[in-house]
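Laboratory data are not the source of any read-out in this text; all were calculated from the coordinates shown. Keep in mind it's a predicted model, so treat the numbers as computed, not measured. Here the Cβ positions follow ideal geometry from the backbone for every residue, glycine too, while neighbour counts run over all protein chains shown.
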Amino acid sequence: MSDRELIDGLIATYRTLNFTVRPHPEAQLRHRGPHGSVRHAITRLRDRELRFADALKARLTGVPMPEIFDEADAPVVGTERDDDTTRARLAQFGTAREATLVRLRGVPEPEWDVVPATGGQPIRAETRQLLEHDQQVLQQIQQTLAAVPTAEPAGSPGHG
């Protein structure tokens, strides 16, 4: 995939999430489906995106990020709370995704395929993996939403 296709795919993830998740009531987004809740999936996306953005920043600047959390700890947005709504977590994901996009847009074409001297994968490969993860989670979210009963609007029959 070209760098442009990867960037467009990352943008499409956030657009798809906005159209897929935002219209649903919070109770439906917190309901556990076949892959957990949509809220949990959004939280996983947000946390992975924060880690990716931090790793990309460290790679591009050469300044390592401090190890302030281990794999079990969630990265810090700075504004999150345990009682945040799914929409708030989606907005936090969007902020982290924008940080990733800004950094990726600044990477010159030849650097997309450079293997780091310290080991690891080229930026293109890591970005492709991020996009593939996005696609898997989007599919899980769609399956979860399809399996979760929709809430009847207030005032409809059965809501006396």
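Below is a table of values for the structure above.
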quantity	calculated
Cβ-placed point charges (K, R +1; D, E -1), dipole of segment 3-147 about Cα centre in debye, nearest 20	480
Extension gain from VAL102 to ILE11, taking 0.36 nm per residue of separation minus the Cα-Cα distance	31.6 nm
Theoretical FRET efficiency, 1/(1+(r/R0)^6), r = Cβ-Cβ of ALA147 and LEU60, R0 30 Å, to 0.05	0.15
Residue order, fewest to most beta carbons within 10 Å, for ASP134, ASP82	ASP82, ASP134
Difference of contour (0.36 nm per residue) and Cα-Cα distance, THR118 to ARG87	7.4 nm
Cubic angstrom per residue, convex hull over Cα atoms of segment 3-147	113
